[in-house]
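Any read-out appearing in this document is the output of simple, stated calculations on the displayed coordinates, not a laboratory observation. Just so it is clear, the structure is predicted and the values come from calculations on it, not from any experiment. In this analysis, Cβ positions are derived from the backbone assuming ideal geometry, glycine residues included, and neighbour counts consider all displayed protein chains.
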Amino acid sequence: MPVGANRTYAHLGKEEFNFDNWAQAVRAGNTFMTTGPLLLFQADGHAPGSEIVLGAGGGTVEVQVEARSGLPFHRVEVVLNGRVVAAKEESAGTRELTLRDKVQVAGPAWLAARCVSRLGPTTGWGLGIQAHTSPVYVRVPREELFSAPAVAYMLTLIEGAQTWVENFATRPDPERFERVRKTLTDAREHLHRRLHEHGITH
């Protein structure tokens, strides 16, 4: 299941709670997915979806995670490019946990937070108690972060969505249908171009 397919929250701040403001927060990337816990994350005071610019060689980023849950969980983590770089654990389980730390970032990166419980599945879909934020992005001038496996994974999701839209989904009006198809086609072509730009054949 893709991240966010279960339940995704968007932070609106002081904006009025309505669809337009919610959609804007989702586009901005200030979101987290969850099966229950509420999870807040900041890196150098920046919320998910934001960008931090570091100088050549990277630097130190201060991270903060706050997790709360109606059911016990055991661990919160900060992830840098898919690797855990900071963590805090309560072996007996807790309903609230805060982590503050400083992490070294050597180059362009993404940082996110997650929390997890050792308790078994709590939903009909077999999902455990867990949550994961969207990333804060770290930019370094003249350096680029690129992951061929991530691009391949996204292409698989896009191609699956195209198959569903064209063969199984309820057909909307023709104009809307073509708009959806174009969005997926443009995304696929963009990712193919990125692979070619990095000299990766596929």
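Shape call for segment 148-197 from the C-alpha gyration tensor, a ≥ b ≥ c root eigenvalues: rounded (a/c under 1.5), prolate (a/b greater than b/c) or oblate? It would help to have the intermediate numbers written out before the result.
Details: a/c = 4.59, a/b = 1.96, b/c = 2.34.
Taking the square roots of the gyration eigenvalues as a ≥ b ≥ c, segment 148-197 is oblate.
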Check your understanding: Mind checking which of W110, W164, W22 has the largest fluctuation in a GNM of the chain, springs on alpha carbons under 10 Å?
Key -> W164
Check your understanding: Charges only on Cβ, +1 for Lys and Arg, -1 for Asp and Glu: so what's the dipole of segment 148-197 about the Cα centre, in debye to the nearest 20?
Key -> 60 debye
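Determine the gain in length on full extension of the stretch R118-L145; use 0.36 nm per residue of separation and subtract their C-alpha separation, reporting nm with one decimal. Walk me through the numbers before you get to the answer.
Values: separation 27, 0.36 × 27 = 9.72 nm, distance 3.26 nm.
Answer, rounded to one decimal: 6.5 nm.
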Review point. Within the chain, what percent of beta bridges assigned by DSSP are antiparallel, to the nearest 5?
Key: 95 percent
**Study point:** Whole-Hz ³J(HN,Hα) from phi, Karplus 6.51 cos²θ - 1.76 cosθ + 1.60, for segment 160-176, glycine and proline x
**Key:** x, 5, 4, 4, 5, 4, 7, 10, 10, 5, 4, 7, x, 5, x, 5, 5
Exercise for review: Report, ordered by chain and residue number, the lysines lying within cross-link reach of K102, taken as a straight Cα distance under 18 Å and ignoring same-chain residues fewer than 8 apart.
Suggested key: K88
Check your understanding: Among the aspartates and glutamates, which fall within straight-line cross-link reach of K182, defined as a Cα-Cα distance under 13 Å, with same-chain neighbours fewer than 8 residues apart omitted?
Key -> E159, E166
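Suppose only helical runs count, i.e. DSSP H with n ≥ 4. What mean residue ellipticity at 222 nm does that imply for the chain under -39500 (n - 2.57) per run, divided by all residues and rounded to the nearest 500 deg cm²/dmol? If you can, show how the numbers build up before the last one.
Details: 3 runs with 54 residues, N = 202.
My calculation for the chain gives -9000 deg cm²/dmol from helical runs alone.
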Review point. When the convex hull of the Cα atoms of the chain is projected onto a plane and the area is averaged over all directions, what value comes out in nm²?
Key: 14.0 nm²
Check your understanding: At a Förster distance of 41 Å, what's the computed FRET efficiency of H196 paired with E96, Cβ-Cβ distance as r, to 0.05?
Key -> 0.30
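Can you order the peptides 192-202, 144-154 by their average number of other Cβ atoms within 10 Å per residue, highest first?
The densest-packed peptide leads the list: 144-154, 192-202.
Using 0.36 nm times the number of residues separating R179 and L155, minus their current alpha carbon distance, what extension gain do you get? Don't skip to the end; give the middle numbers.
Working: separation 24, 0.36 × 24 = 8.64 nm, distance 1.86 nm.
Extra length from R179 to L155 when fully extended: 6.8 nm.
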